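Below: the structure, in structure tokens.
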Amino acid sequence: MTHMVVCSGPVIYIVLILLATTNNINGSSEGDNTSISNVTTDAPTSEKIPLVFMGLMSWKVQQGWNGGGVVPAIEMALSDVNSRTDILAGYELKVVWGDDQCIPGKSVRLLFEQITNKPVKIMILGAGCSTTAQAFAGTAPYFNLIQVGASESSPKLSNIVDYPSFIRLTGPDTIYNEVRIAIINYYGWKRVATIYHNMDFFAVLNADLVDKLGQNNITIITADTFMDEASNQVRNMINKDARIIIVDAYEPQGKQVLCEAHKQGLYGGQYVWFLIGWYNVEQWRNETDTGTDCTYNELYDVIEGSFIPDKIRFDESGKPGVSGMTFKEFEERYKAWPSYEMYGPNIAFASGYDTAWAAALTLNKTSQILAAQNFLPNSSYYQKSLENFTYGDTEMADTFYRIMKNLKFRGVSGEVRFDDVGDRRLSHSVSQIRDGRLVRVGTWHSDRELSLQFHPDNPVIWSDGGVPVDGLTYMVRLHYVPVTEYAIFCGIAITCMILAVGFLYFNVAHMTHP
């Protein structure tokens, strides 16, 4: 792992780094931070040596991704690891949580607060929001902290130069574009419209989409962006006769687009919308407020028959994983976990559980390496163990990163393995929206040449009885008249002309003058 300064980051990052380095590069300063909630597992053992994670998540969110539901899953994983005797024996895993509220500046402040307060944090779990993850992951390498994420899907986080210590148990959202284009090509659509919320995250996602559409000879008839409302953008799509529409926005802003589409009549069997997989459309009817001027039934009218590709977020094999549980067994425990009621559900909960396991397995393997090296006096690891980690320990941080990138295990979220940049490449489900329900109609496989497979036992259903077209088609056709018919009509025309001339002559010849 290469640790380097990211010159493009905000100046505040460097200021905080200098302050933290001055005050506590080894995590030795005193202090108490009441703004950070300290949540530990429920099985404390005084004889065990504590290893503390820095937990970063967003649950009091006004705009952006609410990742609070991942917290109970991580707490459960740490509790499960602590109860094992074959993993990290003699250690107890704990986590100190901070809520960044999906605000990048707040995430960096939380990092500074945790760095300057005891105890030393050995690794970072989170964040839930991509924008804060970018701020956090750009700063964490200065303190030799490995950051492991469960749901951060920004394509920018794949940049190993800017984020050299970041690993995630999800993939970049640019993979959604591969699934979308596979569906578009399958149905032969060649004209599409795109609209995205004016945020850096979605701008990057849309730029990748535009590039991939061009590579597949698919015409973008309109590419719009919006901030708070999208009336002009929807009107533009109507004027351009858009039928296949791709939306990139968080759910609250996506609902605004759908509501405006309903107001202007941009819905029906001739339209197909593509939404991002994290839209929890099945729960809309259970909520009291849509956050728009439309009812949920009106929103459902707009997206009826449309597609939602989504990452396959849980193990579908039914086999127990490294924890000894199947996904179903894990899900039952997750919903019964004490803090579940506080945070509520989250679609990345299985990845959250496996995130903590990935960190634990990494520490366990590192502990074994350190134990072996301790017998070699000339080794740089001599007389070193996990509890000796400091924020200046580049060597141990590099070991963490190298071991984690090479992990392979079955978790409750499926097979866990990472690519060269620390991303996990996931297969995707393809669902169609029917009566406000998600019906899975296909699977996109990340590891197959023929990646898209529709399920014959559960086919796609179109409300108008046929596949929608991507727009009106104007064609010029030449129609030829048979020679016989042409000769007959020419003969009739000539006869009529002769008669007309004859009648004119007759009138002139017999005209009576006064």
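Any idea which of Tyr267, Tyr300 is within 11 Å of Ile433 (Cβ to Cβ) and either surrounded by 14 or more Cβ atoms within 10 Å (Cβ to Cβ) or among the hydrophobic types (A, V, I, L, M, F, W, C) (or both)?
That would be Tyr300, the only listed residue that is within 11 Å of Ile433 (Cβ to Cβ) and either surrounded by 14 or more Cβ atoms within 10 Å (Cβ to Cβ) or among the hydrophobic types (A, V, I, L, M, F, W, C) (or both).
Every residue, every condition in (1) of a type in the set (Val, Ile, Thr); (2) farther than 30 Å from Val148 by Cα; (3) open to solvent by 30 Å² or more (accessible area, probe 1.4 Å), yes or no:
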| site | (1), (2), (3) |
| --- | --- |
| Ile184 | yes, yes, no |
| Ala203 | no, no, yes |
| Leu209 | no, no, no |
| Thr222 | yes, yes, no |
| Phe226 | no, yes, no |
| Ala230 | no, yes, no |
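Could you check how many residues of region 475-495 are open to solvent by less than 80 Å² (accessible area, probe 1.4 Å) and basic (Lys, Arg)? Before you say what the answer is, go through the steps one by one.
Let us first name the residues in region 475-495 that are open to solvent by less than 80 Å² (accessible area, probe 1.4 Å), namely 482, 487, 490-491, 493, 495.
With basic (Lys, Arg) added as a condition, the list becomes none.
Going through region 475-495 one residue at a time, the tally reaches 0.
One line per residue, one yes/no per condition, for (1) acidic (Asp, Glu); (2) within 25 Å of Glu152 (Cα to Cα):
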site	(1), (2)
Asp420	yes, yes
Leu426	no, yes
Ser429	no, yes
Gly436	no, no
Val441	no, no
Gln453	no, no
Ile461	no, no
Gly466	no, no
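Considering only residues that are open to solvent by 50 Å² or more (accessible area, probe 1.4 Å) and not charged (D, E, K, R), which ones fall in region 303-317? Even if it seems obvious, please write down each step before you answer.
If we filter region 303-317 for residues that are open to solvent by 50 Å² or more (accessible area, probe 1.4 Å), which is where we start, we get 304, 314, 316-317.
Hits for region 303-317 are Phe314, Ser317.
Only one of (1) of a type outside the set (D, E, K, R); (2) under 18 Å from Tyr91 (Cα atoms); (3) at pLDDT 95 or above is not met by Tyr391, so which one is it?
Of everything listed in (1) of a type outside the set (D, E, K, R); (2) under 18 Å from Tyr91 (Cα atoms); (3) at pLDDT 95 or above, Tyr391 misses just condition (2).
Can you find a residue that is in contact with a Pro (Cβ under 7 Å, 6 or more places away or on another chain) and acidic (Asp, Glu) anywhere in region 151-172?
No, region 151-172 contains no residue that is in contact with a Pro (Cβ under 7 Å, 6 or more places away or on another chain) and acidic (Asp, Glu).
State all residues of region 401-425 that are outside any strand (DSSP E or B), within 24 Å of Ile369 (Cα to Cα) and basic (Lys, Arg); if no residue qualifies, say none. Can you show your working first?
Applying the first criterion (outside any strand (DSSP E or B)) to region 401-425 yields 401-408, 412-413, 417-425.
From what's left, within 24 Å of Ile369 (Cα to Cα): 401-408, 417-422.
Hits for region 401-425 are Arg402, Lys405, Lys408, Arg417.
Between Asp419, Asp447, which is acidic (Asp, Glu) and either under 23 Å from Val161 (Cα atoms) or at pLDDT 95 or above (or both)? Outline the logic, then answer.
Values: Asp447 fails: either under 23 Å from Val161 (Cα atoms) or at pLDDT 95 or above (or both).
Within the list Asp419, Asp447, the selection yields Asp419.
Scan region 50-93 for residues that are closer than 17 Å to Ala358 by Cβ and surrounded by fewer than 20 Cβ atoms within 10 Å (Cβ to Cβ) and jot them down.
Ser79, Arg84, Asp86, Ile87
Identify, please: which residue in region 189-201 is in contact (Cβ under 8 Å) with a residue 60 or more places away in the chain and either small (Gly, Ala, Ser) or open to solvent by less than 30 Å² (accessible area, probe 1.4 Å) (or both) and is, among those, nearest to Thr174 (Cα to Cα)?
Out of the qualifying residues, it is Phe201.
Which number in (1) within 18 Å of Val71 (Cβ to Cβ); (2) outside any strand (DSSP E or B) marks the one condition that Met123 misses?
(2)
Quick check on my filter: what residues within region 344-374 are open to solvent by less than 10 Å² (accessible area, probe 1.4 Å) and outside any helix (DSSP H, G or I)?
Ala348
I'd like to know if region 315-324 contains one or more residues that are within 25 Å of Ser130 (Cα to Cα), out of contact with any strand residue (DSSP E or B) (no Cβ under 7 Å at 6 or more places or on another chain), in contact (Cβ under 8 Å) with a residue 12 or more places away in the chain and among the polar types (S, T, N, Q). Reasoning before the result, please.
First, the residues of region 315-324 that are within 25 Å of Ser130 (Cα to Cα): 315.
Narrowing further to those that are out of contact with any strand residue (DSSP E or B) (no Cβ under 7 Å at 6 or more places or on another chain): none.
Checking region 315-324: not a single residue is within 25 Å of Ser130 (Cα to Cα), out of contact with any strand residue (DSSP E or B) (no Cβ under 7 Å at 6 or more places or on another chain), in contact (Cβ under 8 Å) with a residue 12 or more places away in the chain and among the polar types (S, T, N, Q).
Identify, please: which residue in region 279-296 is free of Cβ contacts under 8 Å to residues at least 12 places away in the same chain and either of a type in the set (A, V, I, L, M) or outside any loop (DSSP other than H, G, I, E, B) (or both) and is, among those, least open to solvent (accessible area, probe 1.4 Å)?
Gln283
What tally of residues in region 285-303 results from selecting those that are touching a Gly at 6+ places or on another chain (Cβ under 8 Å) and of a type in the set (D, E, K, R)?
Of the residues in region 285-303, 1 are touching a Gly at 6+ places or on another chain (Cβ under 8 Å) and of a type in the set (D, E, K, R).
If a residue counts only when it is open to solvent by 60 Å² or more (accessible area, probe 1.4 Å) and among the small types (Gly, Ala, Ser), which strands (runs of 3 or more DSSP E) contained entirely in region 426-474 have at least 3 such residues? Even if it seems obvious, please write down each step before you answer.
On the way: elements: 428-434, 437-444, 452-454.
No strands (runs of 3 or more DSSP E) qualify here.
Just checking, how many residues over region 157-176 are open to solvent by 10 Å² or more (accessible area, probe 1.4 Å), closer than 25 Å to Trp444 by Cβ and either among the hydroxyl-bearing types (Ser, Thr, Tyr) or at pLDDT below 90 (or both)?
The qualifying residues number 2.
Which residue out of Ile238, Ile245 is in contact (Cβ under 8 Å) with a residue 12 or more places away in the chain and open to solvent by less than 10 Å² (accessible area, probe 1.4 Å)?
Working: Ile238 fails: open to solvent by less than 10 Å² (accessible area, probe 1.4 Å).
Exactly one residue qualifies, and that residue is Ile245.
In region 99-117, how many residues are of a type outside the set (Ser, Thr, Tyr), under 19 Å from Gln62 (Cβ atoms) and part of a helix (DSSP H, G or I)?
The first filter runs over region 99-117 and keeps only residues of a type outside the set (Ser, Thr, Tyr), leaving 99-106, 108-115, 117.
Checking the rest, the ones that are also under 19 Å from Gln62 (Cβ atoms) come to 99-106, 108-110.
Right, trim to part of a helix (DSSP H, G or I) and you get 104-106, 108-110.
Number satisfying all stated conditions: 6.
The values are calculated or read from the model by the stated rules, or taken from the named source; none is laboratory data. Note that the coordinates shown come from a computational prediction; the quantities given were computed from them, not determined experimentally. Glycine gets a Cβ as well: all are built from the backbone with ideal geometry, and neighbour counts include every protein chain shown. Areas reflect the complete protein model, heavy atoms only, side chains present, ligands, DNA and RNA absent. Shrake-Rupley method; radii C 1.70, N 1.55, O 1.52, S 1.80 Å.
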